[in-house]
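The values are calculated or read from the model by the stated rules, or taken from the named source; none is laboratory data. Computed from a predicted structure; not experimentally measured. Don't worry about glycine lacking a Cβ; one is built from the backbone with ideal geometry, like all the others, and counts go over all protein chains shown. Surface accessibility is based on the protein's heavy atoms, side chains included, excluding ligands, DNA and RNA. Shrake-Rupley method; radii C 1.70, N 1.55, O 1.52, S 1.80 Å.
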Amino acid sequence: MAAVTGRASAPAPHQPPLRPVPGVKGTAAALSERCSAVQTLVQEMAALASERVAMRRSRRRSRCHVRQIAMYLCHVVLQMSLTDIGAGFGRDRTTAGHACNVVEDLRDDPVYDAFLSTLERVVQAVFPRAAQGGAIDA
């Protein structure tokens, strides 16, 4: 990349090692799979509700917003730490924190809040033990 742009590429930011989650086998893979599953749920629900919920216009922004909602749900419903969420999505913990703040600020809209409440119930149904603070088998 340095030869193409003429600039030295920056080293990848340091990702802290994932902490073991009680009852979860293969922590890094399990967290990544769980985050991916939540993101897929959000994406499918957003597609179903696209007429009722105003999603962002551009595709890139829409994907980013779906990821932000998924990060928020992982934090609120699955009670994952921001560090684990960031690692599960391949982002930094501060990005996960920002995502939670963005989604929480948008909950003032009653339609958006109803959509998120539905998503929370779906995630609780898919991951019942995680939503109650229990261990999950991956």
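Candidates are the residues of the stretch 74-85 that are assigned to a helix (DSSP H, G or I) and in contact (Cβ under 8 Å) with a residue 40 or more places away in the chain; the one that is nearest to Arg107 (Cα to Cα) is Val76.
If you check Arg121, Arg107, Arg91, which single one turns out to be among the basic types (Lys, Arg) and surrounded by 17 or more Cβ atoms within 10 Å (Cβ to Cβ)?
Numbers: Arg121 fails: surrounded by 17 or more Cβ atoms within 10 Å (Cβ to Cβ); Arg107 fails: surrounded by 17 or more Cβ atoms within 10 Å (Cβ to Cβ).
So the residue among Arg121, Arg107, Arg91 that is among the basic types (Lys, Arg) and surrounded by 17 or more Cβ atoms within 10 Å (Cβ to Cβ) is Arg91.
Would you check if there is a residue in the stretch 53-73 being at pLDDT 80 or above, open to solvent by 40 Å² or more (accessible area, probe 1.4 Å), over 21 Å from Phe115 (Cα atoms) and not in a loop (DSSP other than H, G, I, E, B)? Scanning the stretch 53-73 turns up no residue that is at pLDDT 80 or above, open to solvent by 40 Å² or more (accessible area, probe 1.4 Å), over 21 Å from Phe115 (Cα atoms) and not in a loop (DSSP other than H, G, I, E, B).
Pairing each residue of the stretch 94-115 that is outside any helix (DSSP H, G or I) with any residue that is open to solvent by less than 20 Å² (accessible area, probe 1.4 Å), provided the two are 6+ apart or on different chains, yields C-beta distances under 7 Å for Arg107/Leu116.
Just to check your reading of the model, which residue among Pro22, Pro11 is loosely packed, with under 11 Cβ neighbours inside 10 Å, at pLDDT below 90 and under 17 Å from Phe127 (Cβ atoms)? Spell out the reasoning first.
On the way: Pro11 fails: under 17 Å from Phe127 (Cβ atoms).
Sole residue among the options that is loosely packed, with under 11 Cβ neighbours inside 10 Å, at pLDDT below 90 and under 17 Å from Phe127 (Cβ atoms): Pro22.
Restricting Gly90, Gly86, Gly97 to residues that are in contact with a Leu (Cβ under 6 Å, 6 or more places away or on another chain) and at pLDDT 90 or above narrows the list to Gly97.
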